[in-house]
Amino acid sequence: MKSVVIQQPNQLVIEERPRPEPGAGEVRVKITLAGICGSDSHIYRGHNPFAKYPRTIGHEFFGVIDATGEGVDAARLGQRVAVDPVISCGHCYPCSVGKPNVCTSLVVLGVHRDGGFSEYAAVPAQNAWAIPDDIPDRHAVMVEPFTIAANVTGQAKPTEQDVALIYGAGPMGLVTVQALKGVYQVKQVIVVDRIDERLAMARRSGADWVFNNGEQSLQAALEEKGIKPTLIIDAACHPSILQEAITLASPAARIVLMGFSSEPSQIVQQGITGKELAIFSSRLNANKFPVVIDWLKRGLIDPEKLITHTFDYHHVTDAIELFEKDQQQCCKVLLTFGQ
Ligand code: NAI
């Protein structure tokens, strides 16, 4: 089989590898579609501290089960599946409290173990989630990015009364907009970014108001309108955003962080305690595949609004370069395998 392998930072090859045999408790997935995420590009460029090389990247992928390992029901052969990249031990403290996404021996497919930019992958059977027939392949491959939003909302518990502010209109900001509007009917969702084209995408995903904070002061604009956000989600992830969010937030607001910056954020306790703010963080997803599959089944979210490009995997380098360089036009870029 062919796999997209990062041999060393900045060295991507399409390599011939033996087709994996599923071990006990595993299934083999014949992959048809995969999505490119910023972290694939970070591993490619050598900017992901968790990555070990060589590595087959890709943690958003969809395909059909074509072999089952020992102990797995052979009736699953032929099943269309989206794969949860989070592999956890099931018995450490975080696993015991429902957070396998921060398992003490966390393994993420495509990061710590070979992932889905490949013609086949062997994965734990329980990570391969069956996709109902009425959900098209292109939407099924988008389950993983939407699980990030499901995890964020699982922490922050949005209500219809919320006034939400989302920093960043990249793929992560946009999945979050769709979840807040489509699933939780949040009455006002504001999105800020520095790129007008991305703000236009946020509008298409349901944002009520968008604002370019590269040109003007967000604080001044919110004060002028008398808006105090009750829920703030940082999907832009610059360390300076936390203090701004604390300043802008309504008393009793929730703030959710999604970033992995190693740079310090300077924050003032008084700003947090004075308003009794709750600050959450959200990493990957904790058992959110069935949640998002249900959202898709009920038509509450529309992945089509995020998919801007599709490439055959032979052109993966062009696809990643476009994804990195053209933030104006690009949102979700898909790779097709074996089509
Ligand atoms: P992206 O880079 O495509 O989008 C980020 C957007 O934020 C860009 O449109 C950029 O113009 C905008 N931005 C940057 N600084 C800003 C600022 N100060 N104010 C307003 N907008 C600003 O990235 P993507 O894929 O949407 O991911 C966003 C972040 O989420 C990344 O930092 C990524 O590492 C993180 N992430 C976290 C996950 C988690 O589970 N916690 C999962 C996936 C991504």
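I'm trying to understand the selection: among the residues of the stretch 122-147, which are assigned to a strand (DSSP E or B) and open to solvent by 10 Å² or more (accessible area, probe 1.4 Å)?
122, 124, 129, 130
Can you tell me how many residues within the stretch 289-304 are surrounded by 15 or more Cβ atoms within 10 Å (Cβ to Cβ), under 29 Å from residue 5 (Cα atoms) and not hydrophobic (A, V, I, L, M, F, W, C)?
Selection size over the stretch 289-304: 1.
Within the stretch 1-26, work out how many residues are in contact with a Pro (Cβ under 8 Å, 6 or more places away or on another chain) and hydrophobic (A, V, I, L, M, F, W, C).
Matching residues across the stretch 1-26 total 3.
If a residue must be of a type in the set (A, V, I, L, M, F, W, C) and surrounded by fewer than 22 Cβ atoms within 10 Å (Cβ to Cβ), how many such residues does the stretch 155-169 contain?
1
Kindly provide the set of residues from the stretch 35-55 that are β-branched (Val, Ile, Thr) and assigned to a loop (DSSP other than H, G, I, E, B), ordered by number.
Correct list: empty.
Being outside any loop (DSSP other than H, G, I, E, B) and open to solvent by less than 50 Å² (accessible area, probe 1.4 Å) is the requirement here; does residue 58 meet it?
Criteria not met by residue 58.
Any residue at all in the stretch 150-158 that's among the hydroxyl-bearing types (Ser, Thr, Tyr) and either in contact (Cβ under 8 Å) with a residue 60 or more places away in the chain or under 19 Å from residue 335 (Cα atoms) (or both)?
no
Residue by residue through the stretch 153-177, note down the ones that are over 20 Å from residue 199 (Cβ atoms) and assigned to a helix (DSSP H, G or I).
Those that are over 20 Å from residue 199 (Cβ atoms) and assigned to a helix (DSSP H, G or I): 153, 154, 155, 156.
What's the number of the only condition in (1) more than 15 Å from the ligand (Cβ to nearest atom); (2) surrounded by fewer than 20 Cβ atoms within 10 Å (Cβ to Cβ); (3) more than 22 Å from residue 128 (Cβ to Cβ) that residue 6 fails to meet?
Among (1) more than 15 Å from the ligand (Cβ to nearest atom); (2) surrounded by fewer than 20 Cβ atoms within 10 Å (Cβ to Cβ); (3) more than 22 Å from residue 128 (Cβ to Cβ), the lone unmet condition for residue 6 is (2).
Condition (residue is more than 15 Å from the chain's Cα centre (by Cα), closer than 24 Å to residue 239 by Cα and among the hydroxyl-bearing types (Ser, Thr, Tyr)) applied to the stretch 144-151: is it met by at least one residue?
No, the stretch 144-151 has no match at all.
Restrict the check to the stretch 23-30 and report whether at least one residue is in contact with a Ser or Thr (Cβ under 8 Å, 6 or more places away or on another chain) and either closer than 15 Å to residue 338 by Cβ or basic (Lys, Arg) (or both).
Scanning the stretch 23-30 turns up at least one residue that is in contact with a Ser or Thr (Cβ under 8 Å, 6 or more places away or on another chain) and either closer than 15 Å to residue 338 by Cβ or basic (Lys, Arg) (or both).
Out of all the residues in the stretch 13-31, which are in a strand (DSSP E or B) and either open to solvent by less than 30 Å² (accessible area, probe 1.4 Å) or out of contact with any strand residue (DSSP E or B) (no Cβ under 6 Å at 6 or more places or on another chain) (or both)?
16, 27, 28, 29, 31
Does any residue of the stretch 317-332 turn out to be away from the ligand (no atom under 16 Å from the Cβ) and either surrounded by fewer than 17 Cβ atoms within 10 Å (Cβ to Cβ) or of a type outside the set (Ser, Thr, Tyr) (or both)?
yes
Could we say that residue 114 is closer than 30 Å to residue 228 by Cβ, surrounded by 20 or more Cβ atoms within 10 Å (Cβ to Cβ) and more than 16 Å from the ligand (Cβ to nearest atom) here?
No: the conditions fail for residue 114.
The values are calculated or read from the model by the stated rules, or taken from the named source; none is laboratory data. The structure displayed is predicted, hence computed values, not measured ones. When we count neighbours, we look across all protein chains shown, and the Cβ atoms used for this are built from the backbone with ideal geometry, even at glycine. All accessible areas refer to the heavy atoms of the entire protein, side chains included, with ligands and DNA or RNA removed. Shrake-Rupley method; radii C 1.70, N 1.55, O 1.52, S 1.80 Å.
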